[in-house]
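The structure under discussion appears below in the form of structure tokens.
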Amino acid sequence: MSNIPHIILAKGKEHSLLRFHPWVFSGAVKKKADGLQDGDVVEVYSAQNEFLGTGHYQHGGSIVVRVFSFEPVEVNLAFWEYKIGQAYKFRTTLGLTNSSKTNVYRLVFAEGDGLPGLVIDVYNGTAVLQAHTIGMYRARHEIAQAIMNVLGDNVKAVYDKSAESLSQKAPADAVNGYLLGDNGAETIVDENGNQFYVDWVNGQKTGFFVDQRENRELVARYSAGKKVLNTFCYTGGFSVYALNAGAELVHSVDSSKRAIELTNRNAELSGHADKHEAFAVDTFDFLKRPLEEYDVVILDPPAFAKHLSARHNAVMGYKRLNAEALKKMKSGSILFTFSCSQVVDKYLFENTLMAAAIEAGRSIKIMHQLSQPADHPISIFCPEGEYLKGLVLYVE
Ligand code: SAH
């Protein structure tokens, strides 16, 4: 038997783990080893003493163990190499690891890659790691080494951006910085042949919203010769695609001045800054202006609900935002609208858009139903990994 401490579940509480769902809720635990510390590796057993999984322990939240292996394992460098290797192999299948057009992708997406609590994005040779649990944070040096060993020449440095992502009781010594190598503070990445500055040191999340890559391509498809309004633009992802696709005019809106600076730099980089203007204002205020000139409008707000308890207010927020836009958009224009709130599922989002259209008195048609790209995989056993949804709507 290994010397890994044990957690024993109450009778009948093993079923979700047997179906490879990785979360152990506090109410399911009958007995745990003495002296467990946040982030300790533990083995989970059923009441019948059957091994169920190995994971990280974290006291205090509703989830007490996040399982990263459903087989007994020794958690060492070789183990992290195996897990990172599996994730990398999948991105290679997706054509992301050796592409002449794209060198920015998500290497690890938490539960979707069997690594709850860990997110890693790759920006043109710099891997940016975010631990969301103390367990992954404690393993960060080994994980960084595993990234280097698996990716070889395709990665030069690993940056730790965990200080603000640790969900509970961040260790006092959690400071962002390089774990291995040093690639400065920013780089230029290519995404489907579009270029962007990415600043992982000061940027939101790991520096760039990698999850809109495929949806940006769809915006490009409808932007040639068109006037485009991109709200909640952050670094101007949709704006740059529209500009490069030949948009006649692009307006970008974000309440953050820093985001607007980044968007302006990226518009410069595209070589089409003459067709671009950015506004550091609240989207709800901007939508009070007339919108008749725009052929395409994009609404990509931050998550309005981070928890189930906030779902109702979030739905009201999405309804209001979309109704304001729909009321004023011209006939024949296209709305790209998104929600990244995990608790608002695609059916609820679609119903919310129906309510917004009724309020606005507009008839709309669904052109496309959008989701997150495959480098943000959803484990079939853990549907909670599905968070991004979008609708492309034709406004009649
Ligand atoms: N569409 C972006 C990601 C959006 S992230 C991309 O493709 O990369 C959400 C952005 O909304 C953040 O930049 C945040 O600063 C901005 N934001 C939040 N509330 C806002 C508001 N009320 N009005 C305008 N921008 C807002």
Between the Cα axis of helix 140-151 and the main Cα principal axis of the chain, the angle (0 to 90°, nearest 10) is 70
Antiparallel DSSP beta bridges within the chain, as percent of all bridges there, nearest 5: 65
Restricting to Cα pairs under 8 Å and 6 or more apart, the percent relative contact order of the stretch 77-189 works out to 24
Treat the chain as a sphere of radius equal to its Kirkwood radius over Cα pairs and apply Stokes-Einstein at 4 °C in a medium of 1.567 mPa s; give the translational diffusion coefficient in µm²/s, rounded to a whole number. 58
Would you list which lysines come within 22 Å of residue 32, measuring only between C-alpha atoms, while excluding same-chain residues fewer than 8 positions from it? 11, 13, 169
Rounded to the nearest 0.05, what FRET efficiency do residue 280 and residue 4 give with R0 = 51 Å and r taken as the Cβ-Cβ distance? Could you check? 0.50
Going Cα to Cα from residue 205, which aspartates and glutamates come in below 12 Å? Please leave out same-chain ones fewer than 8 positions away. 121, 160, 164
Round to the nearest 10 and give me the degree value, 0 to 90, for the angle of helix 346-360's Cα axis relative to the longest principal axis of the chain. 30
Give the angle, between 0 and 90 degrees and rounded to the nearest 10, that separates the Cα long axis of helix 77-93 from the longest principal axis of the Cα atoms of the chain. 30
Shape call for the stretch 322-377, from the Cα gyration tensor axes a ≥ b ≥ c (a/c under 1.5 means rounded, otherwise prolate when a/b beats b/c, else oblate), comes out prolate
Taking the chain as a Gaussian network, Cα atoms linked when under 10 Å apart, which of 134, 378, 358 shows the biggest mean-square fluctuation? 358
What's the center-to-center distance, using Cα atoms, between the stretch 255-324 and the stretch 370-393 in Å? 21
Which of rounded, prolate or oblate describes the stretch 119-248 when judged by the alpha-carbon gyration tensor and an a/c cut-off of 1.5? prolate
Tell me the trypsin sites (Lys or Arg not before Pro) within the stretch 118-183 that lie in a loop according to DSSP and have at most 14 other beta-carbon atoms within 10 Å. 169
Which of 332, 385, 55 moves most in a GNM of the chain, Cα contacts under 10 Å? 332
Amide H to amide H under 5 Å from residue 30: which residues, 5+ apart in sequence or cross-chain, H placed 1.01 Å off N in plane? 8, 9, 10
One finds the C-alpha centres of the stretch 1-48 and the stretch 180-211 to be spaced, in Å, by 38
Could you work out the relative contact order of the chain, using alpha carbon pairs under 8 angstrom and six or more residues apart, expressed as a whole percent? 11
Find the centroid of the Cα atoms in the stretch 86-126 and in the stretch 129-143, then give the distance between the two in whole Å. 17
Give me the distance in nm between label points sitting 7 Å out from Cα along the Cα-to-Cβ direction at residue 192 and residue 365, one decimal. 2.2
Is the stretch 50-165 best put as rounded, prolate or oblate by its Cα gyration tensor, with a ≥ b ≥ c the root eigenvalues, rounded for a/c under 1.5, and otherwise prolate when a/b is larger than b/c, oblate when not? prolate
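Here, each number is a calculation from the coordinates, and none is a lab measurement. None of these values were measured; they are calculated from a predicted model. Ideal geometry is used to build each Cβ from the backbone, glycine not excepted, and the neighbour counts take in all protein chains shown.
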